[in-house]
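See structure below.
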Amino acid sequence: MSYMAGRVAGFGTTIFTEMTAMAREYNAINLGQGFPDFAAPDFIKDAARASIAADVNQYSPANGRLDMREALAAKVAHQYGIEIDPNTQINVVHGATEAIFATIMGLVNPGEEVIIFEPYYDSYVPAVIMAGGIPVYYTLHAPDFAIDRDKLAALFNANTKAIMINTPHNPIGKVYTREELTMIAELCQAHDVIAVVDEVYEHIVFNGRSHLPMSTLPGMADRTVTISSIGKTYSVTGWKTGWTIASPELTTAVFRAHQFITFSTVHPMQHAAATALAAPDSYYAELTAMYQQRRDFLADALRAAGLPPIVPAGTYFMMVDISDLGFANDREFCYYLTKEIGVAAIPPSAFYVNPADGAKIARFAFCKSMEALEEAANRLQKLRQR
Ligand code: PMP
Ligand code: GLN
């Protein structure tokens, strides 16, 4: 008999762990797992060093260090016009991943349904399952990943507790439009459902578009849990420092779970995050421009290699259409690419309940140095000789 609990027995190893290990083994350029391979900004690293040196080394308050909460409240007020009380509407948590887990554990009762758009970020479904909730799926299809109102409306019922939205969306790069968010907001209000919105790529939106927080739509401020973290915005994915922003009632529910998951988050990183969150507007403009340049470079490189890209509106991920390449599925393609071509990518079937829905696409990350992207572009040319 296995000692493993039934609730985790079906989870397996994450696709990111699998593909990063394969990339290392075959010395492939890792365009799989999404983490920057370049240096994090000095002003943030200096702030972290100073925090540790100043002995910010003991527990923070469980809901987070006050200067970080104040910096976050000031940032969302300045950038989005969102007015929140840093004492009652923020939980600082261990990255967006814990934010997702604590939010679901704090809000979803066993047997309640949570609507999830697939492909989904891989921790959403395990979080719902560990809470005893029931994931209900809306499948987004390539190439446009459009949402049909009637099909989505049909998923809402009296047992629906929450809907999880990720905008900008990993892995498809979709940035939800105002019309789409409004449609979802209306359904949430009609059925008394909470929107859990993962906005970790809020500052990576291209072509001059800007991120639209769900909580700013009419009627949504009190039924939205907004989740984000410093990982993508400040190129420090290993710092795992994130937050939830919500009404005092929802914040308390998340807090009840959070206090017994981690109690509090790494203290010096919160102190450094307060500095990061106070960055001037120019910082975010430069980040977006840096990623737009990489996006355009990778799109050209993929096209030149015979891999038609689905160019993303946001995030640092790009899907390609592999349907004409003769591979049985996305896993076979990504394994071949990593081992034989020397470039690792992620098979998106890992982000669908039915793997067949992701079998004709592959995901590339462009949060990498230009040197790495150029070398990947060279290696991808070998695909032409296949
Ligand atoms: N949500 C999405 C959509 C992500 O891509 C990531 C990145 N891993 C996370 C959540 C987790 O963020 P964090 O590293 O802050 O836990
Ligand atoms: N968010 C990153 C990605 O999508 C990595 C997440 C992870 O390694 N768990 O690639």
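Read-outs: derived from the displayed coordinates by stated rules, not from any lab. In this text the structure is predicted, and so the values were computed from the model without any measurement. Note that we place each Cβ from the backbone using ideal geometry, even for glycine, and neighbour counts take in every protein chain shown.
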### Task
Stick to Cα atoms and the Kirkwood definition of Rh, then tell me Rg/Rh for the chain.
0.96
### Task
Please report, in debye to the nearest 20, how large the charge dipole of the stretch 257-386 is about its Cα centre when each Lys and Arg carries +1 at its beta carbon and each Asp and Glu carries -1 there.
300
### Task
For ASP324 and ALA146, compute 0.36 nm times the residue count separating them, minus their Cα-Cα distance, and round to one decimal in nm.
61.8 nm
### Query
Order of THR167, THR20 from fewest to most other C-beta atoms within 10 Å?
THR20, THR167
### Query
Once the mean 1/r over all distinct Cα pairs of the stretch 232-386 is inverted, what Kirkwood radius in angstroms do you read off?
18.3
### Task
From the C-alpha gyration tensor of the stretch 1-133, pull out the three semi-axes of the equivalent ellipsoid (sqrt of 5λ each), sorted largest to smallest, in whole Å.
31, 25, 16
### Query
What is the fewest-to-most order of THR97, THR17 by other Cβ atoms lying within 10 Å of their Cβ?
THR17, THR97
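With the cut-off at 1.5 for a/c, could you classify the stretch 324-386 from its C-alpha gyration tensor as rounded, prolate or oblate?
Oblate, since a/c reaches 1.5 and b/c is not below a/b.
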### Query
With the Cα gyration tensor of the stretch 165-262 giving a ≥ b ≥ c as the square roots of its eigenvalues, does the rule (a/c under 1.5 for rounded; else a/b larger than b/c for prolate; else oblate) give rounded, prolate or oblate?
oblate
### Query
Of the GluC sites (Glu not before Pro) in the stretch 65-174, which ones lie in a loop per DSSP and count no more than 11 other C-beta atoms within 10 Å?
GLU83
### Message
Just to confirm my numbers, what's the Cα centroid distance between the stretch 218-232 and the stretch 1-35 in Å?
### Response
29
### Summary
Fewest-first ordering of ARG295, ARG384 by Cβ atoms within 10 Å yields ARG384, ARG295
### Message
Around VAL205, under 12 Å between beta carbons, what's the net of Lys plus Arg minus Asp minus Glu among the other residues?
### Response
+2
### Query
Can you give the helix-only mean residue ellipticity at 222 nm for the chain, where every DSSP H stretch with n ≥ 4 adds -39500 (n - 2.57) and the sum goes over all residues, rounded to the nearest 500 deg cm²/dmol?
-12000 deg cm²/dmol
### Query
Say the cut-off is 27 Å between C-alpha atoms; which of LYS174/LYS382; LYS161/LYS360; LYS240/LYS360; LYS45/LYS339; LYS339/LYS368; LYS45/LYS75 go over it?
LYS174/LYS382; LYS161/LYS360; LYS240/LYS360; LYS45/LYS339
